[in-house]
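J.: One structure coming up, written as C-alpha coordinates, with questions to follow.
The values are calculated or read from the model by the stated rules, or taken from the named source; none is laboratory data. None of these values were measured; they are calculated from a predicted model. Don't worry about glycine lacking a Cβ; one is built from the backbone with ideal geometry, like all the others, and counts go over all protein chains shown. What goes into the accessible areas is simple: the full protein's heavy atoms, side chains included, and nothing from ligands, DNA or RNA. Shrake-Rupley method; radii C 1.70, N 1.55, O 1.52, S 1.80 Å.
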Amino acid sequence: KILIIGACGQIGSELTFKLRNIYGDNNVIASDISYSNPDIVNSGIFEIVDAQDYASVKICVEKHDVDTVYLMAAMLSATGEKYPMKAWDLNMTSLFHVLNLARAKFIKKVFWPSSIAVFGPTTPKDYTPQYTIMEPSTVYGITKQVGERWCEYYFNKYDVDVRSLRYPGIISWKTLPGGGTTDYAVEIYHEAIKNKFYNCFLKEDTKLPMMFMDDAINATVDIMSANSEDIKIRSSYNLAAISFTPKEVAESIKKYIPDFEIKYEPDYRQDIANTWPKSINDSYARQDWKWKHKFSLEGITKEMLLELDKKYNQILKKNN
Ligand code: VAH
(Lines give C-alpha, C1' and ligand atoms only; values in the text may rest on other atoms or scores of the structure.)
Protein backbone atom coordinates (compact mmCIF):
# COMPACT_ATOMS: atom_id res chain seq x y z
CA LYS A 1 0.00 0.00 0.00
CA ILE A 2 1.10 3.61 -0.68
CA LEU A 3 1.02 6.47 1.84
CA ILE A 4 1.21 10.09 0.67
CA ILE A 5 2.23 12.48 3.44
CA GLY A 6 1.24 16.06 2.59
CA ALA A 7 -1.53 14.88 0.23
CA CYS A 8 -3.44 18.17 0.56
CA GLY A 9 -0.61 20.18 -0.99
CA GLN A 10 0.03 21.32 -4.57
CA ILE A 11 1.98 18.22 -5.68
CA GLY A 12 0.65 15.80 -3.07
CA SER A 13 -2.95 16.25 -4.18
CA GLU A 14 -2.28 15.50 -7.85
CA LEU A 15 0.03 12.63 -6.90
CA THR A 16 -2.83 11.16 -4.86
CA PHE A 17 -5.23 11.13 -7.82
CA LYS A 18 -2.60 9.77 -10.20
CA LEU A 19 -1.47 6.96 -7.88
CA ARG A 20 -5.10 5.99 -7.18
CA ASN A 21 -5.67 5.75 -10.95
CA ILE A 22 -2.64 3.49 -11.34
CA TYR A 23 -2.79 1.32 -8.19
CA GLY A 24 -6.46 1.52 -7.18
CA ASP A 25 -8.22 3.71 -4.64
CA ASN A 26 -7.91 1.23 -1.79
CA ASN A 27 -4.14 0.93 -2.20
CA VAL A 28 -3.41 4.64 -1.76
CA ILE A 29 -3.75 6.35 1.62
CA ALA A 30 -3.77 10.16 1.55
CA SER A 31 -2.68 11.98 4.70
CA ASP A 32 -1.98 15.47 5.93
CA ILE A 33 -1.77 17.50 9.16
CA SER A 34 -5.32 18.83 8.61
CA TYR A 35 -8.41 18.43 6.47
CA SER A 36 -7.33 21.38 4.29
CA ASN A 37 -8.26 19.99 0.88
CA PRO A 38 -11.85 18.65 0.66
CA ASP A 39 -11.22 17.15 -2.80
CA ILE A 40 -8.60 14.90 -1.23
CA VAL A 41 -10.30 14.27 2.12
CA ASN A 42 -13.58 13.21 0.50
CA SER A 43 -12.27 11.20 -2.43
CA GLY A 44 -10.75 8.14 -0.76
CA ILE A 45 -8.90 6.85 2.31
CA PHE A 46 -7.67 9.87 4.30
CA GLU A 47 -5.79 9.99 7.62
CA ILE A 48 -4.53 12.84 9.79
CA VAL A 49 -0.75 12.29 10.10
CA ASP A 50 1.70 14.67 11.75
CA ALA A 51 4.88 14.17 9.71
CA GLN A 52 6.93 15.56 12.59
CA ASP A 53 5.64 12.88 14.98
CA TYR A 54 7.30 9.47 14.48
CA ALA A 55 4.48 7.59 16.23
CA SER A 56 1.85 9.34 14.10
CA VAL A 57 3.57 8.19 10.89
CA LYS A 58 4.34 4.69 12.20
CA ILE A 59 0.75 4.07 13.37
CA CYS A 60 -0.59 4.98 9.92
CA VAL A 61 2.04 2.80 8.18
CA GLU A 62 1.15 -0.21 10.36
CA LYS A 63 -2.65 0.39 10.27
CA HIS A 64 -2.72 0.34 6.46
CA ASP A 65 0.17 -2.07 5.77
CA VAL A 66 2.07 0.66 3.88
CA ASP A 67 5.25 -0.31 2.01
CA THR A 68 5.84 2.89 -0.03
CA VAL A 69 5.84 6.49 1.26
CA TYR A 70 5.78 9.71 -0.80
CA LEU A 71 6.84 12.47 1.63
CA MET A 72 5.38 15.61 0.07
CA ALA A 73 5.00 17.72 3.23
CA ALA A 74 7.40 20.68 3.45
CA MET A 75 7.62 24.40 4.07
CA LEU A 76 8.64 26.07 0.80
CA SER A 77 11.15 28.83 0.05
CA ALA A 78 9.21 32.03 0.69
CA THR A 79 7.55 30.92 3.95
CA GLY A 80 10.79 29.29 5.02
CA GLU A 81 12.49 32.70 5.04
CA LYS A 82 9.79 33.98 7.40
CA TYR A 83 10.02 31.00 9.80
CA PRO A 84 13.53 29.49 9.42
CA MET A 85 13.45 27.17 12.44
CA LYS A 86 9.94 25.92 11.63
CA ALA A 87 11.04 25.16 8.05
CA TRP A 88 14.15 23.34 9.30
CA ASP A 89 12.15 21.32 11.84
CA LEU A 90 9.33 20.34 9.48
CA ASN A 91 11.48 19.57 6.43
CA MET A 92 14.18 17.62 8.31
CA THR A 93 12.25 15.87 11.11
CA SER A 94 9.72 14.48 8.64
CA LEU A 95 12.50 13.15 6.41
CA PHE A 96 14.33 11.45 9.31
CA HIS A 97 11.11 9.78 10.47
CA VAL A 98 10.43 8.29 7.04
CA LEU A 99 14.07 7.28 6.44
CA ASN A 100 14.23 5.63 9.87
CA LEU A 101 10.97 3.72 9.24
CA ALA A 102 12.61 2.42 6.05
CA ARG A 103 15.86 1.61 7.87
CA ALA A 104 13.81 -0.35 10.43
CA LYS A 105 12.17 -2.17 7.51
CA PHE A 106 8.63 -0.89 8.28
CA ILE A 107 8.52 0.43 4.71
CA LYS A 108 10.35 -0.62 1.53
CA LYS A 109 10.49 2.48 -0.69
CA VAL A 110 10.55 6.25 -0.24
CA PHE A 111 10.07 9.24 -2.55
CA TRP A 112 11.36 12.56 -1.27
CA PRO A 113 11.24 15.78 -3.34
CA SER A 114 14.27 17.99 -3.62
CA SER A 115 14.35 21.24 -5.61
CA ILE A 116 16.42 23.52 -7.81
CA ALA A 117 16.58 25.52 -4.56
CA VAL A 118 19.58 23.32 -3.62
CA PHE A 119 21.57 25.56 -5.99
CA GLY A 120 22.73 28.96 -4.77
CA PRO A 121 24.21 32.24 -6.03
CA THR A 122 27.63 30.67 -6.74
CA THR A 123 26.17 27.86 -8.88
CA PRO A 124 26.54 28.24 -12.69
CA LYS A 125 23.12 29.56 -13.75
CA ASP A 126 22.80 28.29 -17.31
CA TYR A 127 22.10 24.62 -17.96
CA THR A 128 23.12 23.88 -14.36
CA PRO A 129 24.84 20.47 -14.22
CA GLN A 130 23.91 17.56 -11.94
CA TYR A 131 27.25 17.85 -10.13
CA THR A 132 28.31 21.44 -9.36
CA ILE A 133 28.81 24.07 -6.65
CA MET A 134 25.88 24.09 -4.23
CA GLU A 135 25.77 26.91 -1.67
CA PRO A 136 22.00 27.43 -1.16
CA SER A 137 21.25 30.71 0.58
CA THR A 138 17.62 29.99 1.55
CA VAL A 139 16.52 27.89 4.51
CA TYR A 140 14.40 25.78 2.18
CA GLY A 141 17.38 25.22 -0.13
CA ILE A 142 19.59 24.27 2.85
CA THR A 143 17.00 21.68 3.98
CA LYS A 144 16.90 20.25 0.46
CA GLN A 145 20.70 20.12 0.16
CA VAL A 146 21.18 18.40 3.54
CA GLY A 147 18.16 16.18 2.90
CA GLU A 148 19.81 14.93 -0.28
CA ARG A 149 22.98 14.12 1.68
CA TRP A 150 20.94 12.09 4.19
CA CYS A 151 19.01 10.25 1.44
CA GLU A 152 22.28 9.17 -0.18
CA TYR A 153 23.72 8.22 3.26
CA TYR A 154 20.71 6.03 4.14
CA PHE A 155 20.92 4.34 0.73
CA ASN A 156 24.66 3.64 1.05
CA LYS A 157 24.70 2.78 4.78
CA TYR A 158 21.33 1.13 5.39
CA ASP A 159 20.27 0.08 1.88
CA VAL A 160 17.16 2.30 2.04
CA ASP A 161 15.53 2.53 -1.40
CA VAL A 162 14.90 6.30 -1.37
CA ARG A 163 14.51 8.19 -4.67
CA SER A 164 14.44 11.93 -5.25
CA LEU A 165 13.93 14.64 -7.89
CA ARG A 166 15.08 18.26 -7.89
CA TYR A 167 11.75 19.71 -9.00
CA PRO A 168 11.76 23.09 -10.80
CA GLY A 169 8.87 25.50 -10.30
CA ILE A 170 5.65 23.54 -10.85
CA ILE A 171 2.54 24.94 -12.54
CA SER A 172 -0.90 23.45 -11.94
CA TRP A 173 -4.52 24.54 -11.75
CA LYS A 174 -6.18 22.00 -9.40
CA THR A 175 -4.56 23.05 -6.11
CA LEU A 176 -2.91 26.40 -5.33
CA PRO A 177 0.73 26.17 -4.17
CA GLY A 178 1.64 27.57 -0.76
CA GLY A 179 4.55 29.81 0.08
CA GLY A 180 6.76 29.28 -2.95
CA THR A 181 8.76 31.77 -4.99
CA THR A 182 7.66 30.23 -8.29
CA ASP A 183 4.00 30.57 -7.28
CA TYR A 184 3.77 33.69 -9.48
CA ALA A 185 3.59 31.33 -12.45
CA VAL A 186 0.38 29.82 -11.04
CA GLU A 187 -1.19 33.02 -9.68
CA ILE A 188 -0.78 34.81 -13.03
CA TYR A 189 -3.17 32.42 -14.78
CA HIS A 190 -5.81 32.65 -12.04
CA GLU A 191 -5.62 36.46 -12.09
CA ALA A 192 -5.68 36.56 -15.91
CA ILE A 193 -8.98 34.65 -15.93
CA LYS A 194 -10.51 36.46 -12.94
CA ASN A 195 -9.29 40.06 -13.41
CA LYS A 196 -7.28 40.26 -16.69
CA PHE A 197 -4.59 41.83 -14.49
CA TYR A 198 -1.68 40.51 -12.42
CA ASN A 199 0.74 42.33 -10.12
CA CYS A 200 3.85 40.14 -10.38
CA PHE A 201 6.21 39.86 -7.39
CA LEU A 202 9.20 39.05 -9.63
CA LYS A 203 10.93 41.23 -12.26
CA GLU A 204 9.82 40.68 -15.86
CA ASP A 205 13.17 39.18 -16.91
CA THR A 206 13.49 36.66 -14.04
CA LYS A 207 14.16 33.44 -15.93
CA LEU A 208 13.51 30.26 -13.91
CA PRO A 209 13.25 26.51 -14.63
CA MET A 210 9.58 25.49 -14.74
CA MET A 211 7.42 22.43 -15.43
CA PHE A 212 3.76 21.58 -15.85
CA MET A 213 2.31 19.42 -13.07
CA ASP A 214 1.52 16.52 -15.43
CA ASP A 215 5.22 16.31 -16.35
CA ALA A 216 6.27 16.46 -12.68
CA ILE A 217 3.79 13.74 -11.69
CA ASN A 218 4.88 11.52 -14.60
CA ALA A 219 8.54 11.96 -13.63
CA THR A 220 7.68 10.99 -10.04
CA VAL A 221 5.80 7.85 -11.13
CA ASP A 222 8.59 7.00 -13.60
CA ILE A 223 11.46 7.21 -11.11
CA MET A 224 9.51 5.25 -8.49
CA SER A 225 8.60 2.45 -10.91
CA ALA A 226 12.09 2.18 -12.44
CA ASN A 227 14.31 -0.77 -11.51
CA SER A 228 16.39 0.05 -8.45
CA GLU A 229 19.63 -0.63 -10.31
CA ASP A 230 18.69 2.03 -12.89
CA ILE A 231 18.58 4.72 -10.18
CA LYS A 232 22.27 5.52 -10.11
CA ILE A 233 21.93 8.86 -8.28
CA ARG A 234 20.64 8.53 -4.73
CA SER A 235 21.01 12.15 -3.67
CA SER A 236 18.53 13.68 -6.14
CA TYR A 237 18.19 13.94 -9.92
CA ASN A 238 18.18 17.25 -11.77
CA LEU A 239 14.81 17.42 -13.56
CA ALA A 240 13.95 19.95 -16.27
CA ALA A 241 11.29 20.81 -18.82
CA ILE A 242 11.37 24.49 -19.86
CA SER A 243 12.57 27.88 -18.57
CA PHE A 244 10.76 31.17 -18.94
CA THR A 245 10.36 34.71 -17.56
CA PRO A 246 7.21 36.42 -16.23
CA LYS A 247 7.22 38.53 -19.41
CA GLU A 248 7.15 35.41 -21.59
CA VAL A 249 4.23 33.96 -19.61
CA ALA A 250 2.36 37.27 -19.95
CA GLU A 251 2.95 37.28 -23.73
CA SER A 252 1.66 33.70 -24.02
CA ILE A 253 -1.48 34.65 -22.04
CA LYS A 254 -2.12 37.70 -24.24
CA LYS A 255 -2.51 35.37 -27.23
CA TYR A 256 -5.75 34.18 -25.56
CA ILE A 257 -6.64 37.28 -23.50
CA PRO A 258 -5.39 40.24 -25.59
CA ASP A 259 -6.32 42.86 -22.97
CA PHE A 260 -4.48 41.09 -20.12
CA GLU A 261 -2.34 43.60 -18.22
CA ILE A 262 0.67 42.89 -15.97
CA LYS A 263 2.61 45.05 -13.52
CA TYR A 264 5.91 44.13 -11.84
CA GLU A 265 6.47 44.95 -8.16
CA PRO A 266 9.36 42.74 -7.01
CA ASP A 267 9.32 41.84 -3.31
CA TYR A 268 11.56 39.70 -1.02
CA ARG A 269 10.94 36.72 -3.27
CA GLN A 270 13.04 38.40 -5.98
CA ASP A 271 16.08 37.96 -3.71
CA ILE A 272 15.32 34.23 -3.53
CA ALA A 273 14.76 33.84 -7.28
CA ASN A 274 18.05 35.66 -7.98
CA THR A 275 19.96 32.83 -6.26
CA TRP A 276 18.47 30.07 -8.43
CA PRO A 277 19.53 28.73 -11.86
CA LYS A 278 17.97 29.93 -15.11
CA SER A 279 17.99 26.48 -16.71
CA ILE A 280 18.85 22.91 -15.69
CA ASN A 281 20.79 20.07 -17.36
CA ASP A 282 18.82 16.89 -16.59
CA SER A 283 20.78 14.53 -18.90
CA TYR A 284 21.35 11.95 -16.12
CA ALA A 285 17.57 11.54 -15.58
CA ARG A 286 17.05 11.25 -19.34
CA GLN A 287 19.73 8.57 -19.67
CA ASP A 288 19.24 6.57 -16.41
CA TRP A 289 15.43 6.17 -16.40
CA LYS A 290 14.35 7.60 -19.79
CA TRP A 291 12.82 10.83 -18.48
CA LYS A 292 11.36 13.27 -21.02
CA HIS A 293 9.00 16.19 -20.58
CA LYS A 294 5.95 16.87 -22.76
CA PHE A 295 4.63 20.39 -22.02
CA SER A 296 5.93 23.59 -23.61
CA LEU A 297 5.00 27.08 -22.34
CA GLU A 298 2.35 27.30 -25.07
CA GLY A 299 0.92 23.95 -24.00
CA ILE A 300 0.87 25.00 -20.33
CA THR A 301 -0.84 28.33 -21.05
CA LYS A 302 -3.52 26.68 -23.19
CA GLU A 303 -4.24 24.01 -20.54
CA MET A 304 -4.18 26.43 -17.61
CA LEU A 305 -6.51 29.01 -19.20
CA LEU A 306 -8.90 26.34 -20.48
CA GLU A 307 -9.23 24.63 -17.10
CA LEU A 308 -9.34 27.82 -15.02
CA ASP A 309 -11.94 29.34 -17.31
CA LYS A 310 -14.10 26.25 -16.67
CA LYS A 311 -13.40 26.38 -12.93
CA TYR A 312 -14.17 30.08 -12.42
CA ASN A 313 -16.94 30.49 -14.96
CA GLN A 314 -18.63 27.42 -13.60
CA ILE A 315 -18.58 29.18 -10.25
CA LEU A 316 -19.82 32.39 -11.88
CA LYS A 317 -22.60 30.45 -13.68
CA LYS A 318 -23.56 28.69 -10.39
CA ASN A 319 -23.73 32.02 -8.52
CA ASN A 320 -25.70 33.91 -11.19
C1 VAH B 1 9.32 27.17 -4.22
N2 VAH B 1 7.84 25.90 -5.66
O3 VAH B 1 9.08 28.13 -4.91
C4 VAH B 1 8.99 25.78 -4.79
C5 VAH B 1 10.13 25.21 -5.58
C6 VAH B 1 11.93 25.66 -7.24
C7 VAH B 1 10.79 26.22 -6.50
O8 VAH B 1 11.04 24.57 -4.78
O9 VAH B 1 9.81 27.29 -3.13
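J.: Quick one: pull the percent of accessible area on segment 1-155 belonging to carbon and sulfur, 1.4 Å probe, ligands and nucleic acids left out.
T.: 55
J.: With respect to the cross-link table entries K144/K292; K18/K207; K18/K294, which display a Cα-Cα separation exceeding 19 Å?
T.: From the list (K144/K292; K18/K207; K18/K294), the Cα-Cα distance tops 19 Å for K144/K292; K18/K207.
J.: Taking H as built 1.01 Å from N, whose amide H comes closer than 5 Å to the amide H of C200, not counting residues under 5 places away?
T.: K263, Y264, E265
J.: Looking only at Cα atoms, what is the convex hull volume of segment 117-179 per residue, in Å³?
T.: 121
J.: Give the dimensionless ratio obtained when the Cα radius of gyration of segment 58-184 is divided by 2.2 N^0.38 Å.
T.: That ratio works out to 1.10.
J.: Sequence neighbours fewer than 8 away in the same chain don't count; with that in mind, list the aspartates and glutamates whose C-alpha is under 20 Å from K263.
T.: Within the straight-line cut-off, K263 pairs with D183, E187, E191, E204, D205, E248, E251, D271.
J.: If you place +1 on the Cβ of every Lys and Arg and -1 on the Cβ of every Asp and Glu, how big does the dipole about the Cα centre of the chain come out, in debye to the nearest 20?
T.: Charge dipole of the chain: 300 debye, to the nearest 20.
J.: Using Cα atoms only, what is the angle between the long axis of helix 184-195 and the major principal axis of the chain, expressed in degrees (0 to 90) to the nearest 10?
T.: The helix 184-195 is inclined about 50 degrees to the chain.
J.: Mean separation of Cα pairs under 8 Å and 6+ residues apart, divided by the residue count of the chain: what relative contact order is that in percent?
T.: 18
J.: Assuming a ≥ b ≥ c are the square roots of the Cα gyration tensor eigenvalues, decide whether segment 250-289 counts as rounded (a/c under 1.5), prolate (otherwise, with a/b larger than b/c) or oblate.
T.: Here segment 250-289 falls in the oblate category.
J.: Using only Cα atoms, find the angle between the long axis of helix 10-23 and the longest principal axis of the chain, and express it within 0 to 90 degrees, rounded to the nearest 10.
T.: 60
J.: What angle do you read, to the nearest 10 degrees and between 0 and 90, between the alpha-carbon axis of helix 139-158 and the longest principal axis of the chain?
T.: Tilt relative to the chain: about 30 degrees.
J.: A further question follows. Of all the stretches in the chain, which is the longest one without any exposed loop site, taking trypsin sites (Lys or Arg not before Pro) in a DSSP loop (any state but H, G, I, E, B) with at most 12 other Cβ atoms within 10 Å?
T.: It works out to 109-231.
J.: Starting from the Kirkwood Rh over alpha-carbon pairs, what translational D in µm² s⁻¹ does segment 129-244 have by Stokes-Einstein at 10 °C and 1.306 mPa s?
T.: Using the Kirkwood radius from Cα pairs, D works out to 98 µm²/s.
J.: Which order do D282, D65 take by accessible area at a 1.4 Å probe, largest first?
T.: Ranked from most to least accessible, the order is D65, D282.
J.: Additional query: Could you tell me which of the pairs K232/K290; K109/K232; K254/K302; K108/K232; K254/K310; K232/K278 are separated by over 22 angstrom between their Cα atoms in the structure shown?
T.: Beyond 22 Å between Cα atoms: K232/K278.
J.: Counting only residues 5 or more places away or on other chains, whose amide H sits under 5 Å from the amide H of F244 once H atoms are built in the peptide plane?
T.: Hits under the 5 Å cutoff: L208, M210.
J.: With every protein chain left in place, what is the accessible area of D161 in Å² (1.4 Å probe, nearest 10)?
T.: Roll a 1.4 Å probe over it and D161 shows about 30 Å².
J.: Separate question: Any chance you could check the Cα centroid distance between segment 216-295 and segment 25-82 for me, in angstrom?
T.: A separation of 25 Å, based on Cα centres.
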